[in-house]
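K.L.:
Quick one: structure below, then a few questions.
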Amino acid sequence: MIPLDLVTALPELLLACLAMALLMFGAFRGDKATPTVLLLSVVTLVVLIGLIALGPRGEGTAFGGLFVSDGYGDFMKVLVLVGSATAMVMSLRYFEQEGVVRFEYPILMLFATLGMLMMISANDLISLYLGLELQSLSLYVIAAIRRDSLRSTEAGLKYFVLGALSSGMLLYGASLIYGFTGTTSFETLADVFAESAAAGHGPPLGVIIGLVFLLAGLAFKISAVPFHMWTPDVYEGAPTPITAFFATAPKIAAIALLCRVMTGPFGEFVAQWQQIVIFISIASMILGAFAAIYQTNIKRLMAYSSIGHVGYALVGLAAGTEEGVRGLVIYMAIYVIMNLGTWGCILCMRRKQIMVEDIDDLKGLSKSNPMMALALGIFMFSMAGIPPLAGFFGKLYVFLAAIESGLYTLAVIGVLSSVVGAFYYLRIVKLMYFDEPAEAFDRPIGREMTVILTGTSLLILLFFVVPGPLMSGAAAAVSALFAG
Amino acid sequence: MIVQALAFYLFAAVVVGAGVMVISARNPVHSVLFLIVAFFNAAGLFVLMGAEFLAMILIVVYVGAVAVLFLFVVMMLDINFVELRQGFLQYLPIGGLIGLILLIELLTVLGAWAVAPEAGVVVGTPMPPPDLTTNTQALGEVLYTKYIYLFQAAGLILLVAMIGAIVLSLRRREGVRRQNIGAQISRPREAAIEVRKVPSRSGI
């Protein structure tokens with residue numbers, strides 16, 4: 001029985017062992033080993049992507065039902081690993097140029113990634129919490145890794161305090177649910193709720209309160225309104241490649257977890273959580289659209305943009321159907337690619353070796369660096385949801401699912417707020433193409449950046465030509481989630 | 001039986017009394033000491049319920065580590081607690097009102113509380129009869145078998161906490177003289193002592 005368990009959780013075990021081995025390597029070699037550690041970390045993540053995507057592994061639960069491995073988990077894990085690996089590659093030059101080389105940060109990113117994989121595979125409230133905490137604790141530390149910078153330490157501290165509060169809420173909710181049902185296992189929870197429903201008594205009050213707290217804790221992790229207030233400050237304060245990491249991988253993991261929890265054990269209570277998700281979704285879309293208009297710092301702008309995107313993605317969950325969750329999965333996949341590309345562009349905003357972060361610094365980029373302006377333009381159009389770019393299809397599927405479930409108000413508000421959001425995305429395009437050039441950014445941007453920017457912009461641009469792999473992958477993943 | 005009841009009331013009364021003193025003591029050091037008293041008596045309550053492992057953990061972790069940490073913080077940070085308390089009466093009405101509302105809400109929730117009738121059947125790990133095993137043994141039997149995944153995950157979290165503490169606080173300052181015992185004891189005699197002939201009435 002034990003060896004089978006180990007095979008089911010092979011990617012996680014491998015990642016944990018390699019991360020600890022790299023930690024020892026770094027501890028003995030010192031900070032000068034950072035490039036090697038970073039390279040080996042990226043190799044580790046790439047190997048894991050191969051293992052998950054290609055390796056024949058047993059599906060099903062392991063460790064007495066605490067851990068589950070299925071097609072849905074595999075799909076989301078690949079997304080998380082792509083986000084982590086790309087963010088790691090992008091961080092290579094940044095830390096060298098800023099003169100803060102520390103071998104611990106790739107290792108902490110590996111541990112955060114491990115926590116995300118554990119979250120996606122959680123099949124029990126306890127494993128959910130432990131995965132979440134492993135991820136969050138690593139993120140708090142890497143947000144503050146530039147400990148001599150006031151903004152970075154402030155970001156880390158703010159993230160830590162608010163994150164601890166949200167973990168507390170999540171635990172309180174979990175304990176209420178456990179107190180009512182006497183179990184923490186997702187499968188047993190689903191059975192108990194199904195039996196309760198079959199016996200004819202409605203959803204018990206204690207469980208509903210527990211569910212609300214659980215949702216609040218998870219909404220914090222995906223920075224959905226009204227639990228979003230940490231996002232702009234942390235995104236602005238953390239070192240930029242770390243922010244690129246924050247904006248992609250942890251969001252995927254938390255959204256994947258949210259979907260698994262809501263459709264799995266709480267599948268009986270769609271009517272109860274649907275109204276909460278609808279509220280969170282509307283509030284996030286509206287705040288993301290309006291608050292970003294006044295931002296002058298591009299990192300803060302992207303923070304509000306990510307709040308808005310989480311709102312759009314939750315439209316799919318609010319629909320509560322298989323189509324809705326499929327739309328959400330497609331949305332998040334496209335979101336990762338768009339965001340990695342955009343953050344890659346932001347990382348290239350560097351003048352005389354100093355990072356610049358103002359939107360006005362992008363003025364006239366089309367004259368000084370036409371290729372980068374083209375790439376950033378593609379990402380901005382895609383985020384605004386202009387067809388035929390990928391971002392349009394992401395929005396299309398979630399809104400279609402919402403309309404099919406009869407949530408017309410939600411879909412209409414979503415479309416309207418994406419029109420408002422288009423204003424600030426298109427303003428960046430206008431600055432780049434129609435304004436007088438500001439001073440040019442440093443060149444060259446580096447080979448790895450060129451590869452990332454070219455790759456992501458081609459993916460976004462050409463998605464409509466070959467949408468098949470993503471669509472069928474997402475469909476298979478979500479049908480695995482709903483079958484299980 | 002009567003002894004047990006008496007012990008319960010004694011422990012319970014001391015816990016409540018010490019709890020009140022924690023928030024009303026003027027001196028913060030006294031507050032922490034009262035907190036320790038409360039922990040000890042809560043541990044006594046656990047022993048009465050037959051949860052001896054939990055009682056010992058409470059003392060080891062809370063008294064041994066957490067309360068001592070509090071004490072350090074209270075003594076190291078020079079916070080003027082008298083000043084902090086100045087607005088107490090001013091804010092009492094609004095604070096009391098919020099507390100009252102919360103209390104009423106909690107009572108409404110708990111009043112309608114019901115455990116699912118199906119819950120008893122599905123309990124994951126049924127408790128072994130207490131007269132057959134001790135707490136510690138019963139926990140140990142599931143901790144390293146059934147819950148090994150969670151145990152290892154908790155270990156990883158602690159590892160990350162350790163890395164984080166080191167990353168964020170360890171500084172190697174230049175110019176600090178450190179003791180190097182190896183260099184000290186491997187120093188040859190010639191490097192340490194010099195024999196000089198001191199001429200009379202002139203010094204070195």
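The values are calculated or read from the model by the stated rules, or taken from the named source; none is laboratory data. What you see is a predicted model, and the numbers here were worked out from it, not measured in a lab. When we count neighbours, we look across all protein chains shown, and the Cβ atoms used for this are built from the backbone with ideal geometry, even at glycine. Accessible surface is based on the protein model in full, side chains and every heavy atom, while ligands, DNA and RNA are left aside. Shrake-Rupley method; radii C 1.70, N 1.55, O 1.52, S 1.80 Å.
K.L.:
Kindly list, by first and then second residue, each pair from a residue in region A:473-484 that is in a helix (DSSP H, G or I) to a residue that is acidic (D, E) and at pLDDT 85 or above, limited to pairs with Cβ atoms under 6 Å and residues at least 6 apart or on different chains.
P.N.:
What qualifies is A:V478/A:E322; A:A480/A:D70; A:F482/A:E322.
K.L.:
While we're here: Can we say B:G164 is surrounded by 11 or more Cβ atoms within 10 Å (Cβ to Cβ), assigned to a helix (DSSP H, G or I), facing chain A (nearest Cβ under 10 Å) and not hydrophobic (A, V, I, L, M, F, W, C)?
P.N.:
yes
K.L.:
Looking at (1) buried (at least 22 other Cβ atoms within 10 Å of the Cβ); (2) free of Cβ contacts under 8 Å to residues at least 40 places away in the same chain, find the lone condition where A:V47 falls short.
P.N.:
(1)
Per-residue answers, yes or no, for (1) hydroxyl-bearing (S, T, Y); (2) part of a loop (DSSP other than H, G, I, E, B); (3) at pLDDT 90 or above:
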site: A:G179; (1), (2), (3): no, no, no
site: A:T183; (1), (2), (3): yes, yes, no
site: A:D191; (1), (2), (3): no, no, no
site: A:I209; (1), (2), (3): no, no, no
site: A:F213; (1), (2), (3): no, no, yes
site: A:F227; (1), (2), (3): no, yes, yes
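K.L.:
So, one more: Mind listing whichever residues of region A:385-400 are farther than 20 Å from A:S457 by Cα and open to solvent by less than 40 Å² (accessible area, probe 1.4 Å)?
P.N.:
A:V398, A:F399
K.L.:
Could I ask something else about it? Among the residues of region A:435-455, write down those that are in contact with a Ser or Thr (Cβ under 8 Å, 6 or more places away or on another chain) and either closer than 16 Å to A:A333 by Cβ or part of a helix (DSSP H, G or I) (or both).
P.N.:
A:I452
K.L.:
Right, next: The conditions are (1) within 30 Å of B:Q137 (Cβ to Cβ); (2) at pLDDT below 90, and B:F40 fails exactly one of them. Which is it?
P.N.:
B:F40 satisfies all of (1) within 30 Å of B:Q137 (Cβ to Cβ); (2) at pLDDT below 90 except (2).
K.L.:
Follow-up. Being under 30 Å from A:H201 (Cβ atoms) and either among the polar types (S, T, N, Q) or crowded, with 24+ Cβ neighbours inside 10 Å (or both): is that true of A:V325 here?
P.N.:
Yes; evaluated as a whole, the condition is true for this residue.
K.L.:
A follow-up question, please. Can you tell me which residue is least open to solvent (accessible area, probe 1.4 Å) among those in region B:84-137 that are at pLDDT below 70 and part of a helix (DSSP H, G or I)?
P.N.:
B:A119
K.L.:
Please go through region A:71-120 and pick out each residue that is open to solvent by 10 Å² or more (accessible area, probe 1.4 Å) and of a type in the set (K, R).
P.N.:
A:R93, A:R102, listed by residue number.
K.L.:
Okay, next question. Is it the case that A:V68 is open to solvent by 10 Å² or more (accessible area, probe 1.4 Å) and away from chain B (no Cβ under 13 Å)?
P.N.:
When the stated conditions are applied, A:V68 does not pass them.
K.L.:
Look through A:L459, A:L416, A:L453, A:L431 and report the one residue that is within 27 Å of A:F399 (Cβ to Cβ) and surrounded by 15 or more Cβ atoms within 10 Å (Cβ to Cβ).
P.N.:
The conditions single out A:L459.
K.L.:
Determine, yes or no, whether A:I107 is touching a residue at least 24 places away in the same chain (Cβ under 8 Å), within 13 Å of chain B (Cβ to nearest Cβ) and of a type in the set (A, V, I, L, M).
P.N.:
yes
K.L.:
In addition: Inspect all residues belonging to region A:258-265 and state whether any of them is open to solvent by less than 40 Å² (accessible area, probe 1.4 Å), within 14 Å of chain B (Cβ to nearest Cβ) and more than 18 Å from the chain's Cα centre (by Cα).
P.N.:
Within region A:258-265, one or more residues are open to solvent by less than 40 Å² (accessible area, probe 1.4 Å), within 14 Å of chain B (Cβ to nearest Cβ) and more than 18 Å from the chain's Cα centre (by Cα).
K.L.:
Identify all residues within region A:95-142 that are part of a strand (DSSP E or B) and among the charged types (D, E, K, R); write none if there are none.
P.N.:
A:D124, the sole residue that qualifies.
K.L.:
Out of the residues in region A:165-183 that are more than 7 Å from chain B (Cβ to nearest Cβ) and more than 19 Å from A:S136 (Cβ to Cβ), state the one that is least open to solvent (accessible area, probe 1.4 Å).
P.N.:
A:I177
K.L.:
Give the residue that is modelled with the lowest pLDDT, with candidates limited to residues of region A:3-44 that are surrounded by fewer than 14 Cβ atoms within 10 Å (Cβ to Cβ) and under 24 Å from A:N123 (Cβ atoms).
P.N.:
A:P3
K.L.:
Out of region A:328-372, which residues are part of a strand (DSSP E or B) and of a type in the set (V, I, T)?
P.N.:
Passing the criteria: only A:I354.
K.L.:
From A:E448, A:E436, which residue is over 23 Å from the mean Cα position of the chain (by Cα) and among the acidic types (D, E)?
P.N.:
Within the list A:E448, A:E436, the selection yields A:E436.
K.L.:
Can you report the number of residues in region A:401-413 which are exposed (fewer than 14 other Cβ atoms within 10 Å of the Cβ) and outside any helix (DSSP H, G or I)?
P.N.:
Residues meeting the conditions: 1.
K.L.:
Restricted to region A:140-158, and to residues that are open to solvent by less than 20 Å² (accessible area, probe 1.4 Å) and more than 10 Å from chain B (Cβ to nearest Cβ), which residue is nearest to A:L110 (Cα to Cα)?
P.N.:
Restricting to residues being open to solvent by less than 20 Å² (accessible area, probe 1.4 Å) and more than 10 Å from chain B (Cβ to nearest Cβ), the top hit is A:A143.
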